[in-house]
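Here the structure comes first, spelled out in structure tokens, and everything after it is commentary.
The values are calculated or read from the model by the stated rules, or taken from the named source; none is laboratory data. Given the structure is predicted, the values throughout are model-derived calculations rather than measurements. So basically every Cβ, Gly included, is an ideal-geometry build from the backbone, and we count neighbours across all protein chains shown. In case anyone asks, the SASA skips ligands and DNA or RNA and just uses the protein heavy atoms, side chains included. Shrake-Rupley method; radii C 1.70, N 1.55, O 1.52, S 1.80 Å.
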Amino acid sequence: MKHLINPELLEKLSDRDKKHLWHPLTQHKIHSEMLAISRAKGAVLYDDNGKEYIDGISSWYTAMYGHCHPYILEKVGAQMQQLDQVVFSGFTHEPAVKLSEELIKVLPDNQEKLFFSDNGSTATEIGIKMALQYHFNKGEKRNVLLAFEEGFHGDTFGAMSVSGLSVYNGPFADFFIEVERIPVPTEENIETILNHLQIQLKQNNIAGFIYEPLVQGAAAMKMHNAEGLDRILSLLKEHHVLTIADEVMTGFGKTGKYFASDYMEAKPDIICLSKALTAGLVPMGLTTCTENVYNAFYSDELAKGLFHGHTYTANPLACAAALAALELLKTDEIQDNIQNIIQWHKEFDDGIKNHPKISSTRQLGVIYALDLNVKMERYGNLRDRLFKHFMDNGVFLRPLGNTIYILAPFITTKKQMDCIYDNIKSAIEMV
Ligand SMILES: *Cc1c(COP(=O)(O)O)cnc(C)c1O
């Protein structure tokens, strides 16, 4: 048969993209064209010219076990042959039940119930709704949420309301939930924060406190003090404020422990998960909570239930991916390489932290960040030059303002990590 050439294949993918696609977080009038990625394997992305890029941010902290991991593909493939999707209201299935059993074993001890959704924003949105309805069901009027300055919790309305990085949220600000903000704790400000909270708490109007424990991802991997956070959480718990740990970014081994919450004595009432939950294969969100939270909804009264539900709740394929990912996380191979990466970061940091062009560095687990000693816009010109420098040299890093951070997959090799480090060093010389 004569081979016909499809005219669409002659046109560049990035040009075809422009015709009908609207990308997230993008001002299309300013943004140059999108890079076409055709495949991914392990820690590497390949563009449609075959050029390789080390995925230094695990495609937004999702593909922590590497892209297209054979074990995860196998498990999801098998699940696909068995059960693809079923309504999760009135029905249940093995992958969801099994995932609940396995996750409960690794989550902080006080977590007992799992509520599924589709992404990180829905996971936090549900956490917020749980906190508000918890008090409503108990007949208490608490309509304010507490959050950290510069927090990020997602792009749906509740999540936007509690997010402090609101530079792009202007058009919606009039429609937000009422939120009180506190700075992240440092050794210097903790007493002031606690004193301020003592006064605020007298009003009895705070339903919940949502926070990214220890690392604020979108705020450019800003890190704060575990002891201070612990004291804030303890105080809030004394006043029956529900604590909502947004571990969408920090969850599943990135901080060196299974969850960032494992660093604190005071355990959250509610935990939000997504991103690495399904290892980058399919989207899923999860909001977990204590028996106490669940019991406030458990009633003979229908209306006291949590009437929230998404069509793809507990999708069996996503549950299978999450189960396989959790199995991998627990293996010696992954745990050992997490320790290796932690060590490599330390050595890199020792060699670079005193550089005159660096104002500060920080690390928790496999998360590493450094701030350049220059003034930069969050998405400004210099930032774009840094990004281009990395991409030209085959490293996908996404600087935020003057912060360069690494959050590479757990399976990244020493050679790949050295390539990332070398490119950061040459980038620093460039600025
Ligand atoms: C990414 C992120 C979210 C939002 O998740 P989406 O899946 O993008 O909706 C919420 N909270 C934190 C801490 C995140 O990093």
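Yes or no: the range 24-34 includes at least one residue that is among the polar types (S, T, N, Q), over 17 Å from MET391 (Cβ atoms) and touching a residue at least 24 places away in the same chain (Cβ under 8 Å). Explain how you work it out, then say what you get.
We begin by selecting, within the range 24-34, every residue among the polar types (S, T, N, Q); these are 26-27, 32.
Within this subset, residues satisfying the condition of being over 17 Å from MET391 (Cβ atoms) are 27.
From what's left, touching a residue at least 24 places away in the same chain (Cβ under 8 Å): none.
Among the residues of the range 24-34, not one is among the polar types (S, T, N, Q), over 17 Å from MET391 (Cβ atoms) and touching a residue at least 24 places away in the same chain (Cβ under 8 Å), which makes the answer no.
Are any of the residues in the range 247-267 within 12 Å of the ligand (Cβ to nearest atom) and more than 25 Å from ILE411 (Cβ to Cβ)? Walk me through it before giving the result.
Kept after step one, since they are within 12 Å of the ligand (Cβ to nearest atom), are these residues of the range 247-267: 247-251, 254, 260.
Adding the requirement that they be more than 25 Å from ILE411 (Cβ to Cβ) leaves none.
No; the residues of the range 247-267 include none that is within 12 Å of the ligand (Cβ to nearest atom) and more than 25 Å from ILE411 (Cβ to Cβ).
Go through (1) surrounded by 10 or more Cβ atoms within 10 Å (Cβ to Cβ); (2) under 30 Å from ALA314 (Cβ atoms); (3) not assigned by TED's automatic domain parsing to the domain that holds ALA321 for LEU107 and report which single condition fails.
It fails just one condition, (3).
So in the range 188-237, with the set limited to residues that are under 15 Å from PRO268 (Cβ atoms) and open to solvent by 20 Å² or more (accessible area, probe 1.4 Å), which one is nearest to the ligand (Cβ to nearest atom)?
Here the answer is ALA226.
It is to be established whether one or more residues within the range 38-45 are surrounded by fewer than 16 Cβ atoms within 10 Å (Cβ to Cβ) and modelled with pLDDT under 95. Break it down stepwise before answering.
Step one: filter the range 38-45 for residues surrounded by fewer than 16 Cβ atoms within 10 Å (Cβ to Cβ), giving 38-39, 41.
Checking which are modelled with pLDDT under 95 leaves us with none.
Scanning the range 38-45, I find no residue that is surrounded by fewer than 16 Cβ atoms within 10 Å (Cβ to Cβ) and modelled with pLDDT under 95, so the answer is no.
Just one of ASN354, ASN292 is within 23 Å of THR124 (Cβ to Cβ) and loosely packed, with under 14 Cβ neighbours inside 10 Å; which is it? Even if it seems obvious, please write down each step before you answer.
Working: ASN354 fails: within 23 Å of THR124 (Cβ to Cβ).
Going through ASN354, ASN292 in turn, the sole match is ASN292.
From the list LEU165, LEU146, exactly one residue is assigned to a loop (DSSP other than H, G, I, E, B), more than 10 Å from the ligand (Cβ to nearest atom) and within 20 Å of the chain's Cα centre (by Cα). Which is it? Can you show your working first?
Values: LEU146 fails: assigned to a loop (DSSP other than H, G, I, E, B).
Within the list LEU165, LEU146, the selection yields LEU165.
Pick out the one residue from GLU191, GLU187 that is part of a loop (DSSP other than H, G, I, E, B) and either closer than 20 Å to SER261 by Cα or more than 15 Å from the chain's Cα centre (by Cα) (or both). Let's see the steps before the verdict.
Numbers: GLU191 fails: part of a loop (DSSP other than H, G, I, E, B).
Checking each option against the conditions leaves just GLU187.
Looking only at the range 56-72, decide whether some residue is away from the ligand (no atom under 16 Å from the Cβ), within 21 Å of ALA245 (Cβ to Cβ), at pLDDT 95 or above and of a type in the set (Phe, Trp, Tyr).
So in the range 56-72, the residues away from the ligand (no atom under 16 Å from the Cβ) come out as 56, 65-72.
Subsequent filtering for residues that are within 21 Å of ALA245 (Cβ to Cβ) retains none.
Scanning the range 56-72 turns up no residue that is away from the ligand (no atom under 16 Å from the Cβ), within 21 Å of ALA245 (Cβ to Cβ), at pLDDT 95 or above and of a type in the set (Phe, Trp, Tyr).
Every residue in the range 167-185 that is out of contact with any helix residue (DSSP H, G or I) (no Cβ under 7 Å at 6 or more places or on another chain) and either modelled with pLDDT of 95 or more or of a type in the set (Ser, Thr, Tyr) (or both), please.
TYR168, GLU178, ARG181, VAL184
Among the strands (runs of 3 or more DSSP E) confined wholly to the range 234-291, which include 1 or more residues that are modelled with pLDDT of 95 or more and among the polar types (S, T, N, Q)?
Details: elements: 242-246, 270-273, 285-290.
Qualifying strands (runs of 3 or more DSSP E): 242-246, 285-290.
Which of (1) surrounded by fewer than 16 Cβ atoms within 10 Å (Cβ to Cβ); (2) away from the ligand (no atom under 16 Å from the Cβ) is the odd one out, the single condition PHE172 does not satisfy?
For PHE172, the exception is condition (2).
Would you please list the contacts, defined by Cβ atoms under 8 Å and residues six or more apart or on different chains, that run from a residue in the range 137-155 that is in contact (Cβ under 8 Å) with a residue 12 or more places away in the chain and within 25 Å of ASN189 (Cβ to Cβ) to a residue that is within 14 Å of the ligand (Cβ to nearest atom) and of a type in the set (Phe, Trp, Tyr)?
Pairs that qualify, where the first residue is in contact (Cβ under 8 Å) with a residue 12 or more places away in the chain and within 25 Å of ASN189 (Cβ to Cβ) and the partner is within 14 Å of the ligand (Cβ to nearest atom) and of a type in the set (Phe, Trp, Tyr), are ALA147/TYR211; PHE148/TYR211; GLY151/TYR211.
Right, ASP384: out of contact with any helix residue (DSSP H, G or I) (no Cβ under 8 Å at 6 or more places or on another chain), at pLDDT below 95 and either assigned by TED's automatic domain parsing to the domain that holds THR287 or open to solvent by 50 Å² or more (accessible area, probe 1.4 Å) (or both) or not? Talk me through it step by step, then tell me what you get.
Values: out of contact with any helix residue (DSSP H, G or I) (no Cβ under 8 Å at 6 or more places or on another chain): yes; at pLDDT below 95: yes; either assigned by TED's automatic domain parsing to the domain that holds THR287 or open to solvent by 50 Å² or more (accessible area, probe 1.4 Å) (or both): yes.
When the stated conditions are applied, ASP384 passes them.
Determine which member of the set LEU317, LEU286 is buried (at least 19 other Cβ atoms within 10 Å of the Cβ) and within 14 Å of the ligand (Cβ to nearest atom). If you could, list the steps in order and put the result at the bottom.
Details: LEU317 fails: within 14 Å of the ligand (Cβ to nearest atom).
Residue meeting the stated conditions: LEU286.
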